[in-house]
Structures are given as C-alpha cells and as structure tokens.
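Structure, as structure tokens:
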Amino acid sequence: MEKTAAMTIEHTVMARPVSGSGNILTGTAAINSILYNSSLITLGSILCAWTINTIIVPHQFLSGGLAGIALIIHYLWPQTSVGSLNFLLNIPILMVGWFYVGRRFMLYSIFGMVVFSMAVEWIPATRSIEDPMLATLLCGIVSGVGCALILKSVGSAGGIDIISVILLKQFSIQLGSTTLFANAAILLVSMVLFSMESILYTLIHIFVASRVIDLVITGMSKRKAVFIVSKQWKDIQQQIFKQLNRGVTIINGCGGYTGEEANLLYTVVTFGELSRLKSLVKKTDPNTFLVVSDTVEVMGHGIGNQPHW
C-alpha cells in the first residue's frame, strides 16, 4: 500500500529585544541600533574612500559605480572634486531607492553617502603601494570589506549599493554579482577613454571586491541544511532542541529497500553549530545516516541569514 508522507514542524522561538507592536525598537535598544549601523556605514565608507585616494587615483585606475563615473569625470577635468561629483550623482539614485526600499534604509544611505563623500575629500591622496598588481589586489580586498560592512547595516553608501539591494529583494540576485556586472558595463564605456592596462587592473580589483562582498555578507554566515535518518530520532530531536536550540521538521516516510517506516529529521544550523550537531548525533546513534548540504539563502526568525534592509 502506498504510504503518504506527513510533515510536522516544531518551532523554537528565540527572544528579540522589541518594545510595543511590531519590530520597533525604543529606548536603549534603538540607540544601540543606530550606533551599530552608523558605525558599520562609517567604517565601510572610510575604507572605500581610502582605496580611492591611496590606490585608485595615484595609479590612475578606474572604479565601478557612481564613484567610478566621478573618477572618469575627475580624470578628464582634474579641477573637479571626486567627492562632490559622487554626491551629485547619487541624488537621483537615492530618489529611486526612496520608493522601492524604504525610509529607514534611505535615511541611513543618505548618511553613508555624506560620510563617503566627505571621507574622499579629507583623506590625503598618497601612493601606498608602487607595484600595480599588488595595489590592485589590496584595493579589491579593502574596498570589498568596506562595501560589505556597509551592506551588513540597514543602509548603504548610495550608488550601485542601492540598486544591488533592490535587485536582491525583488529577484534574489547576489549583491556581488550586481556590483560586478554593473561595474563591467561602466568599464566597457571607459575603454574608449583610457588605456587597456588601466581597464584590466580595474577589472581585477572589482572582481576581487565582488567576491569579498559575497564572502562577508553570506559566506561567513552560511547556513547548513541537515537531513538525519535514525531509529533514535526522538532522542536526537530532543538533543537538537536542548543543546542547539534549533527547530526540527519531522518527515514521516519509509525505507525504499526495507519498506520499514522511518522518520526523517530536517534542520538548519549555522556553520559553527554543525560540528556540535554531528557530535551529538553520533553519540546518540552511531548508525545514523546524515546528509549535510549548503544553502544559498535562509529566511526565518532566529536562523535566517538574509540581510533585511
């Protein structure tokens, strides 16, 4: 007789510091949230501005996004200011983001745009590394970390960051991928104005930055989906609740070879919790069949790793 699969979901709810209705933070929690997000945006903006003044401009490299357009204008007309141009170019992008992303995001983004533009103006323009390839790699790493820190906040520094967030929310397109393709399009236009060497060096540091962005945003916090088949599934389920404080989905099925009824446990854990999970499963039942798979994105209270803007 054909067996019908049944699914039961268990939830373990973790506390969240909220006050009143919804997720509106008040008092100390609100102040801490503002300080945290402002610090991320400020540090990330300073790192990105540092790469422009100490690596990109001294080596005559280009860049992507609106800052890249500002650099092109600056190279053609040196009397223009990169910081001021970046500020002006961001205004229409911020207006679009205001309607598609949200007020809180845009307020933080305006703050980030101002901090970034001011940092570009104030950080001294010095040449830190002579070798162009080493400078390119360092630029990609530092700017990638800077952009990722900004995107881990609830705001941005304007420009392509806002477009990236819109595409992630609407179409689940990775942040780094949007940055890479948008910047590549700008570089194609730049090929008629600058040397091929500058274009290639720029493409390298943009590619490195895009990989670093994805690593910092989702790579370090990537969740693992785990399937567990064991005759002692009840004991394992309770151990997951008690030791990991994670929810478990119980799927009722049967073995394809033996025909015996079997319960399949499904849970999602962080990378750091994976070793603990495998240890407790092995200790409870050495004959457990366990499958671990990567996740691209997880949404949900307590375990989700998708940034929320």
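The values are calculated or read from the model by the stated rules, or taken from the named source; none is laboratory data. Keep in mind it's a predicted model, so treat the numbers as computed, not measured. Every residue, glycine as well, gets a Cβ built from its backbone with ideal geometry; the counts of neighbours run over all protein chains shown. For the accessible areas, the whole protein counts, side chains as well, though only heavy atoms, and no ligand, DNA or RNA atoms are used. Shrake-Rupley method; radii C 1.70, N 1.55, O 1.52, S 1.80 Å.
Any chance you could get the radius of gyration and Dmax over the Cα atoms of the chain, in Å?
24.2, 82
May I ask you to order 266-273, 68-75, 158-165 by the average number of other C-beta atoms within 10 Å around their residues, highest value first? Each step should come with its number before you reach the end.
Numbers: 266-273: 17.4, 68-75: 20.8, 158-165: 25.0.
In decreasing order of mean packing, 266-273, 68-75, 158-165 become 158-165, 68-75, 266-273.
Give the calculated FRET efficiency between Cys254 and Lys152 to the nearest 0.05, with a Förster radius of 41 Å applied to their Cβ-Cβ distance.
Efficiency for this residue pair is about 0.40.
Under 25 Å from the Cα of Lys231, which lysines turn up, not counting those fewer than eight places away in the same chain?
Of all the lysines, those that pass the test against Lys231 - Cα under 25 Å, at least 8 places apart if same chain - are Lys3, Lys242, Lys278, Lys282, Lys283.
Can you classify region 223-294 as rounded, prolate or oblate using the Cα gyration tensor, where a ≥ b ≥ c are the square roots of its eigenvalues, rounded means a/c under 1.5, and otherwise it's prolate if a/b beats b/c and oblate if not?
Details: a/c = 1.81, a/b = 1.61, b/c = 1.13.
Here region 223-294 falls in the prolate category.
Select from Lys169, Lys152, Lys222 the residue whose mean-square fluctuation is largest in a Gaussian network model of the chain (Cα-Cα springs shorter than 10 Å).
Of the options given, Lys169 has the highest mean-square fluctuation.
Which residues' amide hydrogens lie under 5 Å from the amide hydrogen of Gln60, considering only partners 5 or more residues apart or on another chain, with H built in the peptide plane?
So Gln60 has HN proximity to no qualifying residue.
On a 0 to 90° scale, report how tilted helix 132-151 is relative to the longest principal axis of the chain, with both axes built from alpha carbons and the result rounded to the nearest 10.
Helix 132-151 sits at roughly 60 degrees to that axis.
Would you mind checking the tilt of helix 160-171 against the longest principal axis of the Cα atoms of the chain, expressed as 0 to 90 degrees and rounded to 10?
It works out to around 30 degrees.
From the backbone phi of region 112-123, what are the Karplus-calculated ³J(HN,Hα) couplings (6.51 cos²θ - 1.76 cosθ + 1.60, θ = phi - 60°) in whole Hz, Gly and Pro given as x?
x, 4, 5, 4, 5, 4, 5, 5, 4, 6, 9, 5
³J(HN,Hα) across region 198-212 via Karplus (A = 6.51, B = -1.76, C = 1.60, θ = phi - 60°), whole Hz, x for Gly/Pro?
5, 5, 5, 4, 5, 4, 5, 6, 5, 5, 4, 4, 5, 5, 5
Is region 132-238 best put as rounded, prolate or oblate by its Cα gyration tensor, with a ≥ b ≥ c the root eigenvalues, rounded for a/c under 1.5, and otherwise prolate when a/b is larger than b/c, oblate when not? Don't skip to the end; give the middle numbers.
Details: a/c = 2.94, a/b = 2.34, b/c = 1.26.
Prolate, because a/c is 1.5 or more and a/b exceeds b/c.
Just to confirm, what accessible area per residue do you get for the chain at 1.4 Å probe, in whole Å²? Kindly include the intermediate steps, with their values, before the conclusion.
Details: 16480 Å² over 309 residues.
Accessible surface, normalised per residue, equals 53 Å².
Mind checking which lysines have their C-alpha under 27 Å from Lys169, skipping anything on the same chain fewer than 8 residues away?
Lys152, Lys222, Lys224
Can you find, among Thr284, Val226, Gly253, the residue sitting farthest towards the positive end of the charge dipole of the chain, where Lys and Arg contribute +1 and Asp and Glu -1 at Cβ?
Result: Thr284, furthest along the dipole toward the positive end.
To the nearest 0.05, how large is the calculated FRET efficiency for Leu35 and Asp131 if R₀ is 45 Å and r is the Cβ-Cβ distance? Mind dumping the intermediate values first?
Numbers: r = 39 Å, r/R0 = 0.86.
Once the sixth-power term is evaluated, E becomes 0.70.
Tell me the angle of helix 82-100 to the major Cα principal axis of the chain, expressed in degrees between 0 and 90 and rounded to the nearest ten.
Once rounded, the angle reads 40 degrees.
Counting only protein heavy atoms, what percent of the accessible surface of the chain is carbon or sulfur at a 1.4 Å probe?
Values: 10670 of 16480 Å².
Ligands and nucleic acids excluded, carbon and sulfur reach 65 percent.
Suppose only helical runs count, i.e. DSSP H with n ≥ 4. What mean residue ellipticity at 222 nm does that imply for the chain under -39500 (n - 2.57) per run, divided by all residues and rounded to the nearest 500 deg cm²/dmol?
Details: 10 runs with 164 residues, N = 309.
It comes out at -17500 deg cm²/dmol, rounded to the nearest 500.
Only four residue types carry charge here, +1 at the Cβ of Lys and Arg and -1 at the Cβ of Asp and Glu. Report the dipole size of the chain about the Cα centre in Debye, rounded to the nearest 20.
780 debye
Under 10 Å, Cα contacts only: if you run a Gaussian network model on the chain, which one of Leu167, Leu76, Leu244 comes out with the highest mean-square fluctuation?
For the chain, modelled as a Gaussian network with Cα springs under 10 Å, the answer is Leu76.
Which whole-number percentage describes the relative contact order of region 223-294, with Cα contacts under 8 Å and a sequence gap of 6 or more? Display every interim value, and only then the final one.
Working: 116 pairs, mean separation 35.2, N = 72.
Computed value for region 223-294: 49 percent relative contact order.
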